[in-house]
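The values are calculated or read from the model by the stated rules, or taken from the named source; none is laboratory data. This is a predicted model, so every value here is computed, not measured. Here the Cβ positions follow ideal geometry from the backbone for every residue, glycine too, while neighbour counts run over all protein chains shown.
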């Protein structure tokens with residue numbers, strides 16, 4: 001039915017749409033480089049002057065979450081494994097609640113720039129250094145995947161040179177990050193989220209028109225067993241069940257939203273804690289919209305190709321190429337729309353990579369440069385911030401080469417966050433929730449959690465789980481009536497789902513491979529977090545943890561929750577430790593305290609705490 005169709009390529013209108021998206025993104029960077037005298041201080045560059053409001057930050061959080069991995073890989077995931085992926089809606093709700101009520105209050109009241117500053121305040125500078133190094137490694141690895149994904153789409157859809165597209169992505173991101181700092185990153189995200197929603201909408205609308213309406217798409221999905229929402233199997237070895245997605249997914253995404261610099265840096269740059277929390281809750285609505293769009297695109301993919309799978313019939317070489325293949329199939333008669341979709345994928349990349357580059361610059365300046373060179377002026381620090389942005393842009397482009405070897409993009413991306421993000425989440429949870437956790441316990445817990453999650457994560461890449469663990473759904477080719485490459489395609493396939501180019505095929509599967517290495521990839525983070533917390537508690541107790549006298553500002557307290565209701569009190573400060581009143585329309589961001597106090601206190605002390 002579809003095999004005989006020759007798909008077109010980019011027309012002039014597509015290139016115009018695509019180029020316009022890139023030009024507007026670059027223009028925003030130039031605007032914020034020049035507006036108001038440019039980036040005079042490192043705080044301007046890294047934190048947007050800490051004066052941002054909830055809505056743009058919320059849209060930015062959503063945009064950076066929705067990378068090209070989401071645009072390309074989530075529909076392919078639904079096509080291959082079914083709509084159980086939509087259970088992530090529950091996960092996102094839990095993640096936003098935990099982030100807003102547990103981690104945000106502590107980070108915000110300290111007025112920090114780098115999340116890892118907290119680790120020095122709570123433990124010591126060596127623990128801070130461990131956290132910083134792990135974050136840098138994790139972010140560069142993940143960003144490599146995010147740059148590679150849309151380049152793959154461009155290569156498939158337009159015939160663009162793959163590595164030319166990789167370099168172009170990195171260069172555009174690095175340009176506007178370096179020119180305009182966090183404000184440029186956030187406002188380009190706001191623009192790019194519009195492009196992404198438009199790209200998804202064009203696919204959804206045209207799919208429903210061609211397939212004869214939403215009901216046809218849902219009926220095809222039902223017949224193909226894609227509407228598999230409820231799988232309550234508690235087995236942790238099953239790749240996606242209700243429990244792996246809700247429990248494992250919550251740990252995985254909390255490690256991103258709760259403690260990852262890329263996301264935390266956005267909401268602590270808000271002008272008040274109310275705006276910071278609102279940005280997270282508004283962002284939740286955005287996450288749900290994106291999830292619905294991407295899951296429905298996956299069902300539309302299945303409806304279109306339920307009888308002639310392009311992957312099995314070798315029209316595409318990887319599952320991640322299915323979405324661009326569908327786009328050219330159904331939108332080739334509408335000049336500009338294929339370009340809009342590729343701009344959608346590209347926007348996802350730009351938003352994620354730019355936030356990563358800005359966060360990497362922030363932790364480098366705050367955690368590695370400032371503690372060693374205390375005499376540097378703000379202007380010099382601003383120049384160093386811009387220089388590190390360029391450096392990390394180049395490094396991320398280099399990492400994209402490794403990403404090309406990592407197989408299935410969505411699972412590879414989440415596996416990296418799980419393996420490294422889980423132990424880091426456990427480390428911050430120890431500091432915020434366990435008053436008697438001490439530096440020795442924190443360090444031993446972190447190393448134990450990292451070792452365990454790395455062991456299971458690398459094992460799963462080398463020995464991928466069998467199909468009975470991943471539960472791929474059948475793909476049909478009986479509708480491919482024409483002969484393709486001289487072979488009559490009249491088959492049904494249950495092709496094994498591979499996640500890695502490094503896998504080792506073993507004729508005999510050992511219990512270690514069938515059980516330990518088959519653990520759902522969403523549990524990598526859960527395992528790392530729980531091992532870190534458990535070992536941290538066990539080691540802290542006999543090493544003097546209970547004898548510590550910890551400042552309550554480093555812990556989550558009842559006052560942090562009760563202050564949620566301060567917004568309803570008249571003429572009350574939002575945060576009870578503030579040293580000066582808040583004027584209407586001003587900011588209650590505590591980072592400003594030490595800017596003012598530094599005028600009289602050259603040691604930079606706030607209530608006895610060095611920042």
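Some observations on this one:
- Test for residue 190: is it under 23 Å from the mean Cα position of the chain (by Cα), over 14 Å from residue 352 (Cα atoms) and surrounded by fewer than 24 Cβ atoms within 10 Å (Cβ to Cβ): no
- Number of the exception - residue 363 against (1) farther than 27 Å from residue 24 by Cβ; (2) surrounded by 24 or more Cβ atoms within 10 Å (Cβ to Cβ); (3) at pLDDT below 90: (3)
- Residue match in the stretch 341-351 (condition: closer than 30 Å to residue 456 by Cβ and part of a helix (DSSP H, G or I)): yes
- Per the conditions (1) over 20 Å from the mean Cα position of the chain (by Cα); (2) surrounded by fewer than 22 Cβ atoms within 10 Å (Cβ to Cβ); (3) within 30 Å of residue 530 (Cβ to Cβ), the sole criterion not satisfied by residue 273 is (2).
- Applying the set (1) more than 23 Å from residue 296 (Cβ to Cβ); (2) part of a helix (DSSP H, G or I); (3) modelled with pLDDT of 90 or more to residue 183 leaves exactly one unmet item: (3).
- Among the residues of the stretch 88-108, those that are surrounded by fewer than 21 Cβ atoms within 10 Å (Cβ to Cβ) and either touching a residue at least 40 places away in the same chain (Cβ under 8 Å) or closer than 20 Å to residue 204 by Cβ (or both) comprise 89, 90, 93, 94, 98, 101, 102.
- Residue in the stretch 133-141 that is more than 17 Å from the chain's Cα centre (by Cα) and touching a residue at least 40 places away in the same chain (Cβ under 8 Å) present: no
- Qualifying residue in the stretch 210-225 (condition: under 21 Å from residue 302 (Cα atoms), touching a residue at least 12 places away in the same chain (Cβ under 8 Å) and touching a strand residue (DSSP E or B) at 6+ places or on another chain (Cβ under 9 Å)): yes
- Qualifying residue in the stretch 173-180 (condition: closer than 25 Å to residue 283 by Cα, surrounded by 24 or more Cβ atoms within 10 Å (Cβ to Cβ) and over 18 Å from the mean Cα position of the chain (by Cα)): yes
- Members of the stretch 229-268 that are surrounded by 19 or more Cβ atoms within 10 Å (Cβ to Cβ) and part of a loop (DSSP other than H, G, I, E, B): 237, 238, 239, 240, 241, 258, 259, 260, 268
- Hey, residue 42 closer than 24 Å to residue 357 by Cβ and surrounded by fewer than 23 Cβ atoms within 10 Å (Cβ to Cβ) or not: no
- Some residue of the stretch 308-320 being under 19 Å from the mean Cα position of the chain (by Cα), farther than 30 Å from residue 53 by Cα and modelled with pLDDT under 95: yes
- Selection status of residue 84, surrounded by fewer than 23 Cβ atoms within 10 Å (Cβ to Cβ) and either within 27 Å of residue 564 (Cα to Cα) or in contact (Cβ under 8 Å) with a residue 40 or more places away in the chain (or both): no
- Residue 281 being over 25 Å from residue 147 (Cβ atoms) and either at pLDDT 90 or above or assigned to a helix (DSSP H, G or I) (or both): yes
Residue by residue, here is whether (1) in contact with a strand residue (DSSP E or B) (Cβ under 6 Å, 6 or more places away or on another chain); (2) closer than 21 Å to residue 85 by Cβ; (3) free of Cβ contacts under 8 Å to residues at least 12 places away in the same chain holds:
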| site | (1), (2), (3) |
| --- | --- |
| 190 | no, no, no |
| 201 | no, yes, no |
| 205 | no, no, yes |
| 245 | no, yes, no |
| 248 | no, yes, no |
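- Here the stretch 535-553 is the region considered, the condition is being without any contact (Cβ under 8 Å) to a residue 40 or more places away in the chain and part of a helix (DSSP H, G or I), and the residue that is surrounded by the fewest Cβ atoms within 10 Å (Cβ to Cβ) is 547.
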